[in-house]
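Here is the structure we will look at.
What follows draws every value from the coordinates through simple rules; no lab data is involved. None of these values were measured; they are calculated from a predicted model. Reconstructed Cβ throughout: ideal geometry from the backbone, glycine too, with neighbour counts over all protein chains shown.
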């Protein structure tokens, strides 16, 4: 089998390995069909988010077919179509027992594509609790967005808007930004997405929920979406990591700023402002209790049209082109603004790149 191995910043190799097989009674081996390139992968590859173990197989947003199971597995069978939950948790530590499974203290060595071999490969091995059947009517490429949508649901659960009329902004029209627009809309909010990249703006334009909009600047979002050049910032979702310092002073009293970007960026803020104006500054990462099942439901029910957010499907062997579509130029060791309309890029072990 082939697997995309990480050795250090900018250093990836497509490596030949022995096929994975079940080892434990509860093991499930999945023949990977699709695995999405995530912002986390970009951070790992560029060195801006140095969390991955050298030698690990990258990739964690995956779907596929069950290829083999251990003797104790009864929930899935060989041939079943499944989506993978890539972040196991122990269920025993204090973080898990107090509802914070995304911060399980025992997760090192289990996180797919970080400390455990992930799914940019022909096969992936997990246990039965972390694979979920995908209905036949749902394309596996759409179900591959279950994990990022699950992370979005974790963040949306933390937002407590003062009203469903709250002026809501999402900064960044990448996969998470668009998924936040959909998830927030399902709560009754009407978000404005702000994106400075013309290519991403063009892709996002007709892939937003009704009554949401996408704009090249905050000024245009205020004027065109909320019909007020001075429209307040009641709820802000920042996928960029860089907007806390400039936007916190503009946040309305009782407003919420949610930061979900994983780029290191130091900010100077006034804590008196937070107290005096009753502001909430929060962060969110990974899946929480029930969010993965909820995300899969939103996709399988059609409430979130995940398939429309897939901009590219490429063979795993062309991984360099896949990363380049997102502005990550491996050969030149640099990140640049993407010159093409891109959102979710999927890699597939299928050489033709046309697996259903």
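Once you've got the GNM for the chain with C-alpha springs shorter than 10 Å, pick whichever of 300, 57, 13 has the biggest mean-square fluctuation.
13
Among bridges DSSP assigns within the chain, what percent are antiparallel (round to 5)?
The answer is about 55 percent antiparallel.
On each of the three principal axes of the Cα atoms of the chain, give max minus min coordinate, whole Å, ordered largest first.
Computed over the Cα atoms, the extents are 60, 45, 39 Å.
Among 201, 58, what is the fewest-to-most ranking by other Cβ atoms within 10 Å?
So the residues, fewest neighbours to most, are 201, 58.
Note the angle between two axes, namely the Cα long axis of helix 146-158 and the longest principal axis of the Cα atoms of the chain, as a number of degrees from 0 to 90, rounded to the nearest 10.
40 degrees
Taking Cα centroids, how far is segment 118-137 from segment 246-267 in Å?
The distance from the Cα centre of segment 118-137 to that of segment 246-267 comes to 35 Å.
Among 165, 67, 192, which one shows the biggest mean-square fluctuation in a GNM of the chain, springs joining Cα atoms closer than 10 Å?
Between 165, 67, 192, it is 165 that shows the largest mean-square fluctuation.
Using just the helices of the chain, give the 222 nm mean residue ellipticity in deg cm²/dmol: DSSP H runs with n ≥ 4 each add -39,500 (n - 2.57), and the total is spread over all residues, rounded to 500.
Here the helix-only value at 222 nm equals -5500 deg cm²/dmol.
Would you mind ranking 35, 328 by Cβ crowding within 10 Å, fewest neighbours first?
With the sparsest Cβ surroundings first, the list reads 328, 35.
Calculate how steeply helix 175-186 sits against the longest principal axis of the alpha-carbon atoms of the chain, using the helix alpha-carbon long axis, and give the answer as 0 to 90 degrees to the nearest 10.
For helix 175-186, the angle is close to 70 degrees.
Mind telling me which of 316, 247, 218 comes out most flexible in a GNM of the chain, alpha-carbon contacts under 10 Å?
247
How would you rank 342, 48, going from fewest to most other Cβ atoms within 10 Å of each one's own Cβ?
Going from sparsest to densest Cβ surroundings: 48, 342.
Where does helix 291-300 land angle-wise versus the long Cα axis of the chain, in degrees 0 to 90, nearest 10?
The helix 291-300 is inclined about 90 degrees to the chain.
Kirkwood hydrodynamic radius for segment 200-301: how many Å is it when counted over pairs of different Cα atoms?
15.9 Å
Taking 7 Å along the Cα-to-C-beta vector as the label spot, tell me the residue 15-residue 90 distance in nanometres, rounded to one decimal.
2.7 nm
How much length would be gained if the chain were fully extended between residue 164 and residue 242, taking 0.36 nm per residue of separation minus their Cα-Cα distance, in nm to one decimal?
The span from residue 164 to residue 242 would gain 25.4 nm if fully extended.
Can you give the extra length, in nm with one decimal, that the chain gains between residue 274 and residue 297 once fully stretched, where that is 0.36 nm per residue apart less the Cα-Cα distance?
Extra length from residue 274 to residue 297 when fully extended: 4.6 nm.
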